[in-house]
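Report on the following structure.
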Amino acid sequence: MTATYLDAIIAAHRLRASQDHREWRDRHVPTVTRASLRSAIENHRPSGVAVIAEVKRRSPSKGWLAPDLDAAATARLYANAGASGISVLTDEPHFGGSLDDLSAAAAAVGTPLLRKDFTVAPNDVLDAAEHQASAILLIVAALTDDELSSLHTIATDLGLDVLVEVHDEVEARRAVDLGATMIGVNQRDLHTFDVDAERAERVASSLPRDVVSVAESGFSSVAAVSRAASSGFDAVLVGETFVRSAAPGDEVRSYIGHPIGRRQQ
């Protein structure tokens with residue numbers, strides 16, 4: 001199979017994790033008390049699709065998007081605009097983020113926070129909890145079933161929600177078999193970088209109705225968000241459009257509340 005941008009990023013994170021000699025079992029990290037991201041999305045369902053707004057400075061494919069972004073100020077703006085959750089990218093080499101951004105956002109708002117990163121080791125999970133995240137991301141394409149299960153268990157034992165990201169129906173089945181209660185469907189093809197909304201809709205239709213579903217990547221218009229909502233997604237995760245907008249608060253508000261359709265299952 002052709003290598004993807006994800007392969008290189010995950011290789012870098014596995015190397016970093018191999019050099020992290022902290023014994024995670026000896027770390028004493030308090031159970032998470034910040035509001036649940038999953039619950040916030042579920043509670044928003046009667047009002048339509050929810051928005052997870054992302055604190056994002058750059059991307060591997062497009063370079064710098066907002067190099068001077070202030071994580072705390074951006075989190076406050078998103079919260080005031082009605083975002084149900086805030087995603088904070090903490091990968092530094094590829095996205096220009098840091099755990100300091102997560103801490104800054106946590107100090108600025110009470111909104112549920114997703115640590116958006118490439119979780120490959122237990123210490124990654126504990127770092128998220130220690131820096132006041134509500135949830136972590138696990139990417140099915142990047143992890144074995146054993147790794148998914150182990151990291152998912154560690155996270156839930158700490159009180160973290162887990163957004164399990166998939167790209168196709170095979171990965172979605174792995175996520176469901178894992179017992180994931182919140183599944184993100186990345187609309188972006190790992191090989192071509194193209195956004196494929198039709199594929200994302202097919203994947204969403206395969207998910208059990210009790211799973212909270214989040215559409216990720218490629219949202220640049222109200223019409224695209226409305227389409228995702230009508231296909232049954234409970235929330236959309238949006239970064240680039242918001243951080244590049246001249247009026248991000250208005251953009252966030254325009255994406256919230258589109259009617260959610262019924263998934264097939």
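Any read-out appearing in this document is the output of simple, stated calculations on the displayed coordinates, not a laboratory observation. Since we're looking at a predicted model, the values are computed, not measured. Cβ: placed from backbone, ideal geometry, glycine included. Neighbour counts: every protein chain shown.
Just to be sure I understand the curve: with the Debye formula and one point per C-alpha of region 74-176, what is log10 I(q)/I(0) at q = 0.10, 0.23 Å⁻¹?
At q = 0.10, 0.23 Å⁻¹ the computed log10 ratios are -0.27, -1.20.
Calculate log10 I(q)/I(0) of the chain for q = 0.12 Å⁻¹, where I(q) comes from the Debye formula with a single equal point scatterer on each Cα and nothing for solvent.
-0.65
Please give, to one decimal in nm, the separation of the simple spin-label points placed at E198 and A12, each 7 Å out from Cα toward the Cβ.
A separation of 3.4 nm, rounded to one decimal place.
Can you tell me which of A246, A229, A81 moves the most in a GNM of the chain? Springs connect C-alpha atoms under 10 Å apart.
Among A246, A229, A81, the largest mean-square fluctuation in the Gaussian network model of the chain belongs to A246.
Could you work out how far the C-alpha centroid of region 208-249 sits from that of region 15-39, in angstrom?
28
Out of residues 5 or more away from S87 or on other chains, whose amide H comes under 5 Å of its own, with H placed 1.01 Å from N in the peptide plane?
Long-range HN contacts for S87: A53, E54, V55, L114.
Tell me the net charge near R16. Cut-off is 14 Å between Cβ atoms, R16 excluded, with +1 for each Lys or Arg and -1 for each Asp or Glu.
Net local charge, R16 excluded: -4.
Give the average over all directions of the projected area of the C-alpha convex hull of region 10-72, one decimal, in nm².
The directionally averaged projection comes out at 7.8 nm².
Quick one: among S98, S217, S245, which has the greatest mean-square fluctuation in a GNM of the chain with alpha-carbon springs under 10 angstrom?
Largest GNM mean-square fluctuation: S245.
Sort out the exposed loop trypsin sites (Lys or Arg not before Pro) in the chain (DSSP loop, at most 11 other Cβ within 10 Å) and tell me the longest stretch that has none.
63-208
Return the single residue from I136, I41, I154 with maximal mean-square fluctuation; model: Gaussian network over the chain, springs between Cα atoms under 10 Å.
In the Gaussian network model the winner is I154.
Calculate one ³J(HN,Hα) per residue across region 163-179 by plugging θ = phi - 60° into the Karplus curve 6.51 cos²θ - 1.76 cosθ + 1.60, and present them in order as whole Hz with x for glycine and proline.
Whole-Hz 3J(HN,Hα) from phi for region 163-179: 8, 9, 8, 10, 10, 8, 5, 5, 5, 4, 5, 4, 5, 5, 4, 5, x.
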